[in-house]
Structure formats: C-alpha cells, structure tokens
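> Below is a structure I'd like to ask you about.
The values are calculated or read from the model by the stated rules, or taken from the named source; none is laboratory data. As the structure is a computational prediction, the values presented were derived from the model and not from experiment. Here the Cβ positions follow ideal geometry from the backbone for every residue, glycine too, while neighbour counts run over all protein chains shown.
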Amino acid sequence: MTETNEAVIAEALSVIDKALGQMMSRELVSSGEITDVLLDVRTLLTMPKVEAVAH
C-alpha cells in the first residue's frame, strides 16, 4: 500500500514539475492552464486504490 501511495505522489510531483518548467519561462499563464494542472494532480491523488493481486 505504501508503494502505491509513493507512486501516486511521485506521479503528481512529476506533473507539477513539468508544468512549472513550462510556465516559469512565461510572463503570463492562463487560468485555464493552471486549472488543467490542478485537475491533473487532483485526479492522480483521488484515483481509486488498486488492490494487489496475489500470484
């Protein structure tokens, strides 16, 4: 379970880092772009937990 949480957090951080890299070079960023990033992060953080299947 901890590995899953860590993977989700890592993916969310990746989305944030990518967006920051794209937006830092610009003077203006639209509210729509910010909303998209926030929705992407929210989606990652609220995804249903996947049960591990025992083999």
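> Out of the residues in the stretch 34-47 that are surrounded by 13 or more Cβ atoms within 10 Å (Cβ to Cβ) and in contact with a helix residue (DSSP H, G or I) (Cβ under 7 Å, 6 or more places away or on another chain), which is modelled with the lowest pLDDT?
Among those residues, the one meeting the criterion is L44.
> Go through (1) modelled with pLDDT of 85 or more; (2) surrounded by 10 or more Cβ atoms within 10 Å (Cβ to Cβ) one by one and return the number of the condition N5 breaks.
Just one mismatch for N5, condition (1).
> State whether one or more residues within the stretch 13-22 are modelled with pLDDT of 85 or more, touching a Leu at 6+ places or on another chain (Cβ under 7 Å) and surrounded by 10 or more Cβ atoms within 10 Å (Cβ to Cβ).
Yes.
> Look at A10 and say whether it is surrounded by 12 or more Cβ atoms within 10 Å (Cβ to Cβ), modelled with pLDDT of 85 or more and in a helix (DSSP H, G or I).
Details: surrounded by 12 or more Cβ atoms within 10 Å (Cβ to Cβ): no; modelled with pLDDT of 85 or more: yes; in a helix (DSSP H, G or I): yes.
Here the answer is no, as A10 does not meet what is asked.
> Further question: Restricting the search to the stretch 27-48, which residues are within 16 Å of V15 (Cβ to Cβ) and outside any helix (DSSP H, G or I)?
Once the filter is applied, which keeps residues that are within 16 Å of V15 (Cβ to Cβ) and outside any helix (DSSP H, G or I), the stretch 27-48 yields V29, T46, M47.
> What pairs can you find where one residue is in the stretch 1-30 and in contact (Cβ under 8 Å) with a residue 24 or more places away in the chain, the other is in a loop (DSSP other than H, G, I, E, B), and their Cβ atoms are less than 8 Å apart, with a gap of 6+ or different chains?
As it stands, the answer is M1/K49; T4/K49; T4/V50; V8/M47, since those pairs meet every condition given.
> I want to confirm something. Restricting to the stretch 1-27 and keeping residues that are among the β-branched types (V, I, T) and under 13 Å from L38 (Cα atoms), which single residue is nearest to the chain's Cα centre (by Cα)? Break it down stepwise before answering.
If we filter the stretch 1-27 for residues that are among the β-branched types (V, I, T), which is where we start, we get 2, 4, 8-9, 15-16.
Filter once more, so that each one left must be under 13 Å from L38 (Cα atoms): 15-16.
Working: V15: 4, I16: 6 Å.
Once the filter is applied, the top-ranked residue is V15.
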